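Here is the structure we will look at.
What follows draws every value from the coordinates through simple rules; no lab data is involved. In this text the structure is predicted, and so the values were computed from the model without any measurement. Cβ: placed from backbone, ideal geometry, glycine included. Neighbour counts: every protein chain shown.
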Amino acid sequence: MYSSDFKEKHNIFIWSLLIIFFILFLIVVQDYIVSIVLAFVFSILLYPFKNRLSDKLGGRDSLASTIIVLVFLLCFIMPSILILDQILSQAMEISDTVIPVLEKQVENTNINGTKELPHWFPFRDKLMPYSTQITEKITELIGNASSIFVKAVGSLTQGTFLFFINFFIMLYAIYFFLIDGKKMLNKIPDYLPIKKSEVDLIVNEVKTISRATLKGAFLISIIQGTLVGIGFWFVGISGSVFWGSVAAFVSLIPSVGAGLIYVPAGLYLILNGHNASGFSLLIWGFGIVSSVDNVLRPYLVGKDMKIPEILILVSTLGGITMFGLAGIVLGPVITGLTIALLKIYKKTS
């Protein structure tokens with residue numbers, strides 16, 4: 001028999017080693033944590049489909065999981081990669097053409113060598129005495145935006161190798177979680193001081209928030225971005241795929257959303273004499289694009305969204321800041337996990 005003093009020291013020693021090696025483990029896998037977490041989220045959403053397919057295949061889980069991963073790859077990932085390629089090519093084109101044109105328009109000078117504001121500039125007559133200072137600041141902002149944009153595109157291309165590694169790990173992890181994920185969840189109470197019902201609560205919260213995010217914010221933003229891209233293509237604005245992707249991103253902001261992209265574009269066309277194109281784009285934006293959210297969100301999300309939209313907004317934007325595009329899913333999921341843990345605390349306190 002071990003003494004109580006030995007047991008206490010033994011527990012402290014084991015816990016110390018566990019914390020040290022867990023930190024080392026996180027350092028080793030830090031580049032792949034996001035891929036694994038995304039795989040966990042996607043596997044939770046795909047699990048019911050895997051079960052149905054497995055039943056039809058006579059209980060062959062491995063074959064069902066393989067088919068689900070391949071379908072997920074062909075229907076979701078591959079189109080995303082192709083679209084991303086178009087976005088990057090158009091983004092570089094815009095960086096090389098549109099930004100210099102804007103700089104040239106802003107840097108107009110009159111006969112005395114004084115910088116003038118463009119004719120379309122709001123309150124131009126009243127601001128003319130300050131035209132030099134204003135044009136210098138605008139030129140500086142455009143230059144900074146161009147620099148940030150080029151760096152962002154460059155970082156995407158430089159990270160191609162790491163992207164494909166993470167991509168492969170995510171797919172393999174989805175396959176692994178589809179086969180053994182439920183067994184792993186059932187074993188958690190054996191190693192951690194948490195009840196099976198509490199694990200189920202956390203998993204259900206992840207499933208609910210992920211489904212609501214993908215069906216709501218993510219799918220609606222894709223639809224709105226696509227519609228904005230179609231509008232830009234119809235009126236002859238170059239880089240329609242790129243601007244559509246930007247509109248999809250900003251559509252995460254409620255009420256305003258994609259209007260941040262199509263309204264300035266429409267007004268710019270009108271101010272430059274293209275009245276038919278400008279008004280067409282604004283009518284398309286207000287009449288079709290902005291109505292998508294109000295029409296589709298109740299149908300797509302339904303009762304899934306159980307947390308306030310303001311939390312979804314800030315967690316999505318914060319997630320994008322921290323994790324990149326993966327933050328569209330991970331941000332709300334982290335918020336959902338926090339709410340689930342609060343529910344567990346309330347029940348046990």
Using unit Cβ charges (K, R positive; D, E negative) and no other charged atoms, how large, in debye to the nearest 20, is the dipole of the range 194-349 about its Cα centre? 620 debye
Lysine pairs, Cα distance under 17 Å, 8 or more residues apart or cross-chain: how many in the range 194-349? 14
For the range 194-349, build the convex hull from the C-alpha positions and give me its volume per residue in Å³. 103 Å³
In what sequence, highest mean first, do 181-194, 39-52, 327-340 appear when ranked by Cβ atoms within 10 angstrom? 327-340, 39-52, 181-194
